[in-house]
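Below is one structure, written out as structure tokens; comments come after it.
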Amino acid sequence: MQTQDYIDGVLAKNRRIVAKTITLIESSLPSHQEMAKAIVDALLPHTGKAVRIGITGVPGVGKSTYIESFGLQLVKQRHRVAVLAVDPSSSKSGGSIMGDKTRMERLSLEQQAFIRPSPSGGTLGGVTRRTRETMIVCEAAGFDIIIVETVGVGQSETTVASMVDFFLVLMLAGAGDELQGIKKGVLELADAIAINKADGNNIEHARKAKIEYEKALNLLTPSSKIWSPPVLTCSAVTLDGIDEIWQTILEHRKKLESSGELAEKRRKQALDWMWALVEEGLIDRFYKNPGVEKSLPNIVKSVEKGITGPTVAAHKLLYLHDLCFSESDYEG
Amino acid sequence: MLIDQKIEKFVKREGRRPRILVSSMGKKRHNQDTRRLATLFAETGFDVDISPLHQTPRGTARMAIENDVHIICFLSTGNNYKELVMELAGALKAEQAENIRILVGGAIPRSDYDFIHSAGVDQILDSVRIDKEALNRLIDLFG
């Protein structure tokens, strides 16, 4: 298939070609990346209208089940929903197991839904570039709601928050010590917090947790002048509160649109995108640098054996990188 | 050639790992075989998708297309594997995705092998004996 075939296929909402385009974006081959760049560039003018939602939460909080209920409701309202799962678990070998669709049984069958888990195993950086570009492809293919799911560990939530309009943090009601073990950083990113699994015997706990989180959020300086993140409760099982969250997202969008904050946010995100690409490109160049490539195994071994110290080794590698930096790096 | 080398070669050529969807297309719960096999595939270096329970052949085909997998591994848990395989192959063809390879695992009597192969299945694995060596042969499907 040629570049134009991909572009036409995506714009024609062809499911197979949308999937193939995402594969191209995720590919590690330079020739594929070159093609993907051209495709994304051509699709960019067809995007910008979709609602981009990031959803995070610790493992076990019920993200997938929540997205299943939420997504089904949106589909019922005639929206077209794309779900991208960012960093599934991966094993040592570099292979990975992606089980996200196992918990989105009904949504995965909807004509108006598209679910794509992506392996993160074995790629350095990568996640940012690929997810942003994948969002562009989905938007161009007519999906008007893009949900990016990420596990609330490591750096991924900061990355995802920097590419969406609305960042939803799912929490669980514990037994009194709700705020323990929660990173302050995650709360700062949230446009709303939802206490999930607020059903059955858990309703009372959820209500208490809601008050705790509200107190915690009050202590933070809000990042927006016109939006203070609310704390909601919901249940992906009874569906209580699911619609309320969607209404909150719509209200948030309305406010940000009319105040001009949405445009500002997206401009800032374009800059984030650029920096992320620069960082990823630097890492990529480091590993592809012939001088580094040649000496890396020996230096690694030497540090492992305790012969060379980590500081000296790092300096040496960076020096090698600078040394081999050539004009040819500018080409292409 | 060792399987690690084959996978490495595959990645260099395709730009990604071989991706496989494991589906039992049955009504039963995921059995021990599904989990064991998914883990084995992942440990070998595959990217593995696991399909939901109660997945139909059509749903399996659709998931294979969205996730853009190279192979579907259908783990048979019942007696209706012939129908399921035919439906799966048909659903893939309807979406112009017949280049996705099908692999069947399970207790399939030898007398049915010809039928299943002719329905579009590339390889049949005796699920009791799926090991790295069997996976090594699987990679050969991609040359």
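Against the longest principal axis of chain A, how steep is helix A:15-26, in degrees 0 to 90 to the nearest 10, with axes from Cα atoms?
Around 50 degrees separate the two axes.
Quick one: which residues, 5 or more positions from B:Leu21 or on another chain, have an amide H under 5 Å from its amide H? H modelled 1.01 Å from N in the peptide plane, none for Pro or chain starts.
HN-HN under 5 Å from B:Leu21: B:Asp49, B:Ile71, B:Ile72, B:Cys73.
Calculate the spin-label point distance for B:Phe115 paired with A:Asp243, positioning each point 7 Å from the Cα along the beta-carbon direction, and give it in nanometres.
Placing both labels 7 Å beyond Cα along the Cβ direction yields 5.0 nm.
Once the Cβ-Cβ distance between A:Asn218 and A:Asp144 is put in as r, and R0 is 51 Å, what FRET efficiency do you end up with, to the nearest 0.05?
Values: r = 34 Å, r/R0 = 0.66.
With R0 = 51 Å, the Cβ-Cβ based efficiency is 0.90.
Please give every one of the aspartates and glutamates within straight-line cross-link reach of A:Lys49, meaning a C-alpha to C-alpha distance under 13 Å, and leave out same-chain neighbours fewer than 8 residues apart.
In chain and number order, the partners are A:Glu139, A:Asp144, A:Asp165, A:Glu257.
Within the accessible area of chain A, what % is carbon and sulfur when the probe is 1.4 Å and the other protein chains stay in place?
On the way: 9310 of 16640 Å².
Solvent-exposed carbon and sulfur of chain A make up 56 percent of the total.
Quick one: if the Förster radius is 60 Å, what FRET efficiency do A:Thr158 and B:Asp131 give, using the C-beta to C-beta distance and rounding to 0.05?
Details: r = 42 Å, r/R0 = 0.69.
So, using R0 = 60 Å, E works out to roughly 0.90.
Name the trypsin sites (Lys or Arg not before Pro) in the stretch A:197-248 that are in a loop by DSSP and that have at most 12 other C-beta atoms within 10 Å, would you?
Answer by residue number: A:Lys225.
What's the extension gain from A:Ile203 to A:Leu296 if we count 0.36 nm per residue and subtract their Cα-Cα distance?
Details: separation 93, 0.36 × 93 = 33.48 nm, distance 5.53 nm.
So the extension gain works out to 27.9 nm.
Nearest 10 degrees is fine. How inclined is helix A:203-218 to the longest principal axis of chain A, computing both from alpha carbons?
So the helix axis and the longest Cα principal axis differ by about 60 degrees.
For the modelled label position 7 Å from the Cα of B:Leu2 along Cα-to-Cβ, which residues of the stretch A:290-322 have backbone nitrogen atoms closer than 19 Å?
Only A:297-298, A:301 pass the distance filter.
Contour minus end-to-end for A:Arg106 and A:Ser31, with contour as 0.36 nm per residue of separation and end-to-end as the Cα-Cα distance?
On the way: separation 75, 0.36 × 75 = 27.00 nm, distance 3.68 nm.
Additional length available on full extension: 23.3 nm.
List the residues of the stretch A:5-25 whose backbone N lies under 18 Å from a point placed 7 Å from the Cα of B:Glu98 along the Cα-to-Cβ direction.
Counting only backbone N, you get A:16.
Quick check on the stretch A:10-112: take the gyration tensor over C-alpha atoms, sort the square-rooted eigenvalues as a ≥ b ≥ c, and tell me if it's rounded (a/c under 1.5), prolate or oblate.
Values: a/c = 2.04, a/b = 1.17, b/c = 1.74.
Cα axes put the stretch A:10-112 in the oblate bin.
List the residues whose amide H sits under 5 Å from the amide H of B:His54, counting only those 5 or more places along or on another chain, with H placed 1.01 Å from N in the peptide plane.
Here B:Gly26 satisfy the definition.
What residues qualify as long-range amide H neighbours of A:Arg80, i.e. H under 5 Å apart, gap of 5 or more or another chain, H built at 1.01 Å from N?
A:Asp144, A:Ile145
Sequence neighbours fewer than 8 away in the same chain don't count; with that in mind, list the lysines whose C-alpha is under 18 Å from A:Lys197.
Hits, sequence-local ones excluded: A:Lys63, A:Lys208, A:Lys210.
Say each of A:Glu257 and A:Ile226 gets a label point 7 Å from the Cα, pointing the same way as Cα to Cβ; how far apart are those two points in nm?
1.2 nm
Using a 10 Å cut-off on Cβ to Cβ distances, tally the other chain neighbours for every residue of B:35-42 and report the average as a whole number. Don't skip to the answer; put the middle values down first.
Values: counts 1, 0, 0, 4, 3, 1, 4, 12.
Partner Cβ neighbours, averaged per residue: 3.
Using a Gaussian network model on chain B with a 10 Å cutoff between Cα atoms, which of B:Gly45, B:Gly106, B:Gly15 fluctuates the most?
Of the options given, B:Gly15 has the highest mean-square fluctuation.
Mind giving me the FRET efficiency for B:His54 and A:Val312? R0 is 60 Å, r the Cβ-Cβ distance, nearest 0.05 is fine.
Working: r = 58 Å, r/R0 = 0.97.
Calculated value: 0.55.
Which whole-Hz ³J(HN,Hα) couplings does the stretch A:7-12 yield from phi under the Karplus relation 6.51 cos²θ - 1.76 cosθ + 1.60, θ = phi - 60°, glycine and proline marked x?
Karplus-based 3J(HN,Hα) across the stretch A:7-12 equals 4, 4, x, 5, 5, 7 Hz.
Using the Cα atoms of the stretch B:1-108 to build a convex hull, what is its mean projected area in square nanometres? Don't jump to the answer; show the numbers that get you there.
Numbers: hull surface 27.5 nm².
For the stretch B:1-108, the mean projected area of the Cα convex hull comes to 6.9 nm².
Write down, largest first, the equivalent ellipsoid semi-axes of the protein assembly as shown in whole Å, where each equals the square root of 5 times an eigenvalue of the alpha-carbon gyration tensor.
Ellipsoid semi-axes (Å, largest first): 36, 32, 23.
Rounded to the nearest 500 deg cm²/dmol, what is the calculated helix-only ellipticity per residue at 222 nm for the protein assembly as shown, with -39500 (n - 2.57) per DSSP H run of length n ≥ 4? Let's see the in-between values first.
Working: 18 runs with 230 residues, N = 475.
It comes out at -15500 deg cm²/dmol, rounded to the nearest 500.
If we count every other residue with Cβ under 11 angstrom of A:Ser295's Cβ, Lys/Arg +1 and Asp/Glu -1, where does the sum land? Kindly include the intermediate steps, with their values, before the conclusion.
Working: positive: A:Lys294, A:Lys301, A:Lys316; negative: A:Glu293.
Net of charged neighbours comes to +2.
Could you give the angle, 0 to 90 degrees to the nearest 10, between helix A:242-259's Cα long axis and the longest principal axis of the Cα atoms of chain A?
70 degrees
Estimate for me the total accessible surface buried between chains B and A (protein heavy atoms, probe 1.4 Å, no ligands or nucleic acids), in Å² to the nearest 100. Walk me through the intermediate numbers first.
Numbers: alone 7970 and 17880 Å², together 23350 Å².
Chains B and A together bury roughly 2500 Å² of accessible area.
The values are calculated or read from the model by the stated rules, or taken from the named source; none is laboratory data. Keep in mind it's a predicted model, so treat the numbers as computed, not measured. Here the Cβ is made from the backbone with ideal geometry for all residues, glycine too, and neighbour counts use every protein chain on show. Protein only, heavy atoms only, side chains kept; ligands, DNA and RNA dropped before computing areas. Shrake-Rupley method; radii C 1.70, N 1.55, O 1.52, S 1.80 Å.
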